[in-house]
Amino acid sequence: MSEAALPELAAVPWRKPETAATLRTRARLWSLTMWAHVVPFCITAVVLFLIEPWSAPVGAIALAQAWIIPGLYAVRGANTVRPRGPRNDDAEPVAQGLLGDLLDHDARKLQRTTGLAMERGGLGVWLVAERGALLVVPGGRVCHCFCVAADGDELPPSDRIAHLLLALRTDEQGFATVANHAFAGAPWRVRRRLSPDAKPALAAAVHAARSSA
Amino acid sequence: MSRLIRMDHTGHSTLAEWTAGDQAAYDAAVTAFRRELDGGYIGVVSEGEGRATQVRELPAEADLVIMRRPIAGG
């Protein structure tokens, strides 16, 4: 007997299933949040300067706030795929072997250099990490960041990725529903906050998402 | 040769192996599979090409059945 839906959905009965439409809504709300932070600070800076040019330093601080606050949200998003927790180096080669068996050649090569496993799905192109995932929607203009992980700290990093990958492949919509949505924004915002190793993976996902649009 | 493996702290552990026609080995694999389900693991058959299926009973014909742990939002 097989099942299509993730059993983990039973733990979050209050959540509505994530779909392309709900993700678009999330992206719009994040855009609105960004503008709500940026516009008032920019207006403040301009108005202050027009009223009193000597207030330019205060205006500069306001503009800095307009730049920094959205950046902090993007950091939150990028942190979802940052490696953290015990490395379990002894078990990692075995786990890497199993994960490699689950991936095709290109995805395996990308995962070994970037730490992120690329997976094409119905909602877009996923990059699965140890304790989170990124989703680049078709067209490549929006990147969603999710916090999600397998139970237990003792798992080696590649096993953690394999857990998430298998759950994603079983039920993509359920996977996106179980995961905690952390951020949505332009891929360049997330890319700037990724580790240098991980940046090529996001570039590859954006390229794949543009191709699939 | 079909295999039942569990992803765990060792990377993965082989819990059982069976072949078509070896009913005793398959029965032992079913017992191991049910024990893992009772322990909270989830059975998954990877079907390649980005597809996997969750199973609640051990499919005799599957090459590889993987036991994974539940996931949760972090």
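No value in this document is a laboratory result; all are computed from the given coordinates. Predicted, not measured: the structure shown is a model, and the values here were computed from it. Here the Cβ is made from the backbone with ideal geometry for all residues, glycine too, and neighbour counts use every protein chain on show.
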Exercise. Picking from A:11, A:129, A:149, which is most flexible by a Gaussian network model of chain A using Cα springs under 10 Å?
Worked result: A:11
Exercise. How big is the convex hull of the Cα atoms of region A:116-213, per residue, in Å³?
Worked result: 86 Å³
Problem set entry | Isotropic mean projected area of the C-alpha convex hull, the protein assembly as shown (nm²) | 16.9 nm²
Problem set entry | Most fluctuating residue given options A:200, A:93, A:40, as computed from a GNM of chain A linking Cα atoms under 10 Å | A:40
For this session: Filter the trypsin sites (Lys or Arg not before Pro) in chain B to those in DSSP coil with at most 15 other Cβ atoms within 10 Å of their Cβ, and list the result.
Result: B:51, B:56
Problem set entry | Surrounding net charge for residue A:112, when Lys and Arg each add one and Asp and Glu each subtract one, Cβ distance under 12 Å | -1
Exercise. So for the pair residue A:188, residue A:113, with labels modelled 7 Å out along Cα→Cβ, what separation do we get in nm?
Worked result: 2.3 nm
Seminar exercise, completed: So for region B:27-66, using the alpha carbon gyration tensor with a ≥ b ≥ c as root eigenvalues (a/c under 1.5 gives rounded; past that, a/b versus b/c decides prolate or oblate), I'd call it oblate
Exercise. Can you list, bin by bin at 5 Å, the percent of alpha carbon pairs in region B:2-68, starting at 0?
Worked result: 4, 18, 31, 26, 15, 5, 0
Seminar exercise, completed: Kirkwood Rh over alpha-carbon pairs of region A:1-78 plugged into Stokes-Einstein at 25 °C, 0.890 mPa s gives a D in µm²/s of 156 µm²/s
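Per the helix-only calculation at 222 nm, which mean residue ellipticity applies to chain B, given -39500 (n - 2.57) for every DSSP H run of n ≥ 4 and division by its residues, nearest 500 deg cm²/dmol?
About -7000 deg cm²/dmol.
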Seminar exercise, completed: Note, residue B:40: beta-carbon cut-off 10 Å, +1 each Lys/Arg, -1 each Asp/Glu, net -2
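Based on the alpha-carbon set only, what is the convex hull volume of region A:36-177 divided per residue, in Å³?
In region A:36-177, the Cα convex hull volume per residue is 142 Å³.
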For this session: Could you work out, residue by residue across A:88-97, how many beta carbons of other chains sit within 10 Å of that residue's beta carbon, and then give the average as an integer?
Result: 3
Exercise. Among A:168, B:15, which comes first, then next, by fewest other beta-carbon atoms within 10 Å?
Worked result: B:15, A:168
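Region A:1-101: which chymotrypsin sites (Phe, Trp or Tyr not before Pro) are DSSP loop and have at most 14 other beta-carbon atoms within 10 angstrom?
A:14
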Problem set entry | Structure-based [θ]222 nm, chain A - -39500 (n - 2.57) summed over DSSP H runs of at least 4, per residue, nearest 500 | -18000 deg cm²/dmol
